[in-house]
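**Student:** Below you'll find the structure I mean.
None of the figures in this text is laboratory data; all of them are computed from the coordinates on show. The model shown is predicted, which means the values in this text are computed figures rather than measured ones. No Cβ is skipped: glycine too gets one built from the backbone with ideal geometry, and neighbour counts run over all protein chains shown.
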Amino acid sequence: MNGIHDLGGMHGMGPIDAETDEPIFHAEWERRMFALMLATFANGSFKGDEFRHAIERMEPAEYLNTSYYEHWLHSLERLLVEKGQVAPGELEAAWKNAANAADAEGAA
Amino acid sequence: MASHDHTEPPSDIALRVKALESLLLDKGLVEAETLDAIVDLYEHNIGPQNGARVVARAWTDPEYKARLLSDATPAIAELGYRGAQGEDMVVVENTPEVHNLLVCTLCSCYPWPVLGLPPVWYKAAPYRARAVSEPRAVLAEFGVDIGDDVEVRVWDSTAELRYMVLPERPAGTEGLDVEELEALVTRDSMIGTALLEAR
């Protein structure tokens with residue numbers, strides 16, 4: 001697929017931003033995202049090329065504006081719904097629950 | 001009121017991941033212990049220290065080096081490193097005539113069993129775009145000056161095939177044992193974005 005992910009040789013991307021003593025993960029949610037992908041991959045929910053393809057199907061501007069593990073989140077949510085492992089309504093309910101829980105925590 | 005009751009995802013990415021994790025735990029699609037074990041493995045057991053062992057062995061054992069360069073996957077497995085994202089490995093050797101550099105222009109392919117998870121810059125657009133079109137400029141940004149008489153070879157990794165660079169053994173390390181040599185080998189030297197020096 002000739003999409004935005006095919007970055008080789010593209011101009012205008014600027015300098016390389018290498019971090020000194022970079023941690024393996026930069027936030028707890030990155031740890032959880034990494035593990036969720038590997039665990040669902042290991043249980044056969046999808047194949048590796050399907051996971052990459054779902055990243056490549058991201059809207060191009062969004063692809064460039066989001067971080068690596070955000071790509072993983074988009075891909076995993078999409079694949080689990082497309083594969084019927086998760087119903088769209090279940091995902092939306094989970095978002096509501098998480099937001100409500102966070103609000104309750106903030107108000108407490 | 002909106003004409004539909006579609007729920008937008010939370011703008012807070014951490015909340016959105018937490019929601020997905022809760023859902024998958026509730027549905028029994030994943031188990032918390034498995035998630036914790038995966039994180040622990042990649043934070044503590046799988047990393048460039050593994051590749052450093054491969055490199056130091058190759059520097060000190062010519063027969064191992066020959067096996068590594070001719071068929072890397074089983075040679076690496078001899079040291080116990082195998083598995084996800086390292087199923088088919090090729091090791092490319094730096095010499096006074098050739099400098100090798102790894103990239104994955106399409107995404108983030110990287111030899112996990114020997115190097116662990118890739119740094120952010122390896123997965124980000126600037127490196128992926130430029131490593132193939134102006135590798136010497138990229139190397140200069142990493143502080144690596146490659147002479148005009150040295151050929152630069154760039155290897156674009158794929159989902160099926162992963163590369164690792166065998167860096168040159170630094171001069172002045174003749175008296176070091178294999179553990180001391182391992183300690184000299186850096187992650188970036190095995191990607192090709194650094195050269196090694198004796199400390």
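**Student:** Charges at C-beta only: +1 for Lys and Arg, -1 for Asp and Glu. How large is the resulting dipole of chain A about its Cα centre, in Debye rounded to 20?
**Tutor:** Dipole magnitude for chain A comes out near 420 debye.
**Student:** Over all residues in B:169-175, what is the mean tally of Cβ atoms on other chains that come within 10 Å of each residue's Cβ?
**Tutor:** 0
**Student:** Along the charge dipole of chain B, Cβ charges K/R +1 and D/E -1, which of B:Leu35, B:Tyr127, B:Gly51 sits furthest on the positive end?
**Tutor:** Farthest along the dipole direction, towards plus: B:Tyr127.
**Student:** If you place +1 on the Cβ of every Lys and Arg, -1 on the Cβ of every Asp and Glu, and leave all else neutral, what size is the dipole of the protein assembly as shown about its Cα centre, to the nearest 20 Debye?
**Tutor:** Computed about the Cα centre, the dipole is about 500 debye.
**Student:** Let me ask another. Ordered by packing density, taken as the mean number of other Cβ atoms within 10 Å over each peptide's residues, highest first, how do B:92-98, A:30-36 rank?
**Tutor:** Per-residue Cβ counts within 10 Å, averaged per peptide and sorted highest first, yield A:30-36, B:92-98.
**Student:** Once the cut-off is 32 Å, how many percent of the Cα-Cα pairs in the protein assembly as shown end up in the long-distance tail?
**Tutor:** The calculated P(r) of the protein assembly as shown puts 33 percent of pairs beyond 32 Å.
**Student:** Whose amide H sits under 5 Å from the amide H of B:Val152, counting only residues 5 or more places off or on another chain, with H placed in the peptide plane?
**Tutor:** Under 5 Å from the amide H of B:Val152: B:His99.
**Student:** A further question on this structure: Whole-Hz ³J(HN,Hα) for each residue in region A:45-55, computed from phi via Karplus 6.51 cos²θ - 1.76 cosθ + 1.60 with θ = phi - 60°, x for glycine and proline: what do you get?
**Tutor:** 5, 6, 9, x, 6, 5, 5, 5, 4, 5, 5
**Student:** Per residue of A:13-23, what is the mean number of Cβ atoms on other protein chains within 10 angstrom of that residue's Cβ?
**Tutor:** For this peptide, the per-residue mean of nearby foreign Cβ atoms is 6.
**Student:** Taking the alpha-carbon set of region A:28-107, what are its Rg and Dmax in Å?
**Tutor:** 13.7, 43
**Student:** Once you put a point 7 Å from the Cα of B:Asp36 and another 7 Å from the Cα of B:Glu174, both along the Cβ direction, what distance in nm separates them?
**Tutor:** That separation, rounded to one decimal, is 5.3 nm.
**Student:** Kindly flag which residue pairs out of A:Lys83/B:Lys123; A:Lys83/B:Lys18; B:Lys27/B:Lys123 have an alpha-carbon separation exceeding 25 Å in this structure.
**Tutor:** Beyond 25 Å: A:Lys83/B:Lys123; B:Lys27/B:Lys123.
**Student:** OK, next. In whole Hz, with x marking every Gly and Pro, tabulate ³J(HN,Hα) for region A:93-105 from phi via Karplus 6.51 cos²θ - 1.76 cosθ + 1.60, θ = phi - 60°.
**Tutor:** With the stated coefficients, region A:93-105 comes to 5, 5, 4, 4, 4, 5, 5, 5, 5, 5, 4, 4, 5 Hz.
**Student:** With 21 Å as the cut-off, how large is the P(r) tail for chain B, expressed as percent of Cα-Cα pairs?
**Tutor:** Beyond 21 Å sits 59 percent of the P(r) for chain B.
**Student:** Distance between Cα centroids, region A:1-69 to region B:158-193: provide it in whole Å.
**Tutor:** The distance from the Cα centre of region A:1-69 to that of region B:158-193 comes to 27 Å.
**Student:** Here's a follow-up. Please turn the phi angles of region B:106-121 into ³J(HN,Hα) values with the Karplus equation 6.51 cos²θ - 1.76 cosθ + 1.60 (θ = phi - 60°), one per residue in order, whole Hz, x for glycine and proline.
**Tutor:** Per-residue couplings from phi come out as 7, 6, 7, 4, 6, x, 4, x, 9, 10, x, 8, x, x, 4, 4 Hz.
**Student:** Average partner chain C-beta neighbours within 10 Å, per residue of B:28-36?
**Tutor:** Mean partner-chain Cβ count within 10 Å for B:28-36: 4.
**Student:** Next up: Residues with amide H under 5 Å of B:Val90's amide H, sequence separation 5 or more or different chain, H placed in the peptide plane at 1.01 Å from N; which?
**Tutor:** Placed amide hydrogens put B:Arg162, B:Tyr163, B:Met164 under 5 Å from B:Val90.
**Student:** Sort B:170-179, B:22-31 by packing, meaning the average of other beta carbons within 10 Å per residue, with the highest value first.
**Tutor:** Ranking, from highest mean packing down: B:22-31, B:170-179.
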